[in-house]
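The structure appears below as structure tokens.
Please treat every number below as a calculation from the coordinates, not as lab data. Bear in mind that the values here come from a model prediction, so they are computed numbers and not experimental data. No Cβ is skipped: glycine too gets one built from the backbone with ideal geometry, and neighbour counts run over all protein chains shown.
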Amino acid sequence: MPSDHIIGLGFPIAELSTYEFVWKFIKSLPLSEGTEIFMVDTLAGFSGGIVGPVRDC
Ligand SMILES: Cc1cc2nc3c(=O)[nH]c(=O)nc-3n(C[C@H](O)[C@H](O)[C@H](O)COP(=O)(O)O)c2cc1C
């Protein structure tokens, strides 16, 4: 069942990934069923495919 809130993640791309502190923050989020998440990233041109790894976190 969907929750009544949504989480937005925004961070910069670095080295076809993102910074370690961003990964640490994402991984520190509590597990939750039904919380929707959206993400935006800023970048110079190529992210290397960040959506999958973030989704799998
Ligand atoms: C150490 C470092 C690594 C970066 N690696 C990438 C990268 O792999 N791909 C990319 O598209 N942009 C990369 N960038 C660019 C940043 O994502 C970009 O500077 C940041 O999103 C902020 O945008 P702005 O420079 O337009 O303000 C990198 C920037 C830095 C400082």
Length gained if LEU16 through LEU31 is fully extended, taking 0.36 nm per residue and subtracting the Cα-Cα distance, is 2.8 nm
Mean-square fluctuation maximum in Gaussian network of the chain, Cα pairs under 10 Å, restricted to SER47, SER17, SER28, hits SER28
quick shape note, the chain: Cα extents on principal axes in Å, largest first -> 36, 19, 15
Of all chymotrypsin sites (Phe, Trp or Tyr not before Pro) in the chain, the ones in DSSP coil with at most 11 other Cβ atoms within 10 Å are PHE46
Cβ-Cβ cut-off under 11 Å around PRO2, Lys and Arg +1, Asp and Glu -1: the net charge is -3
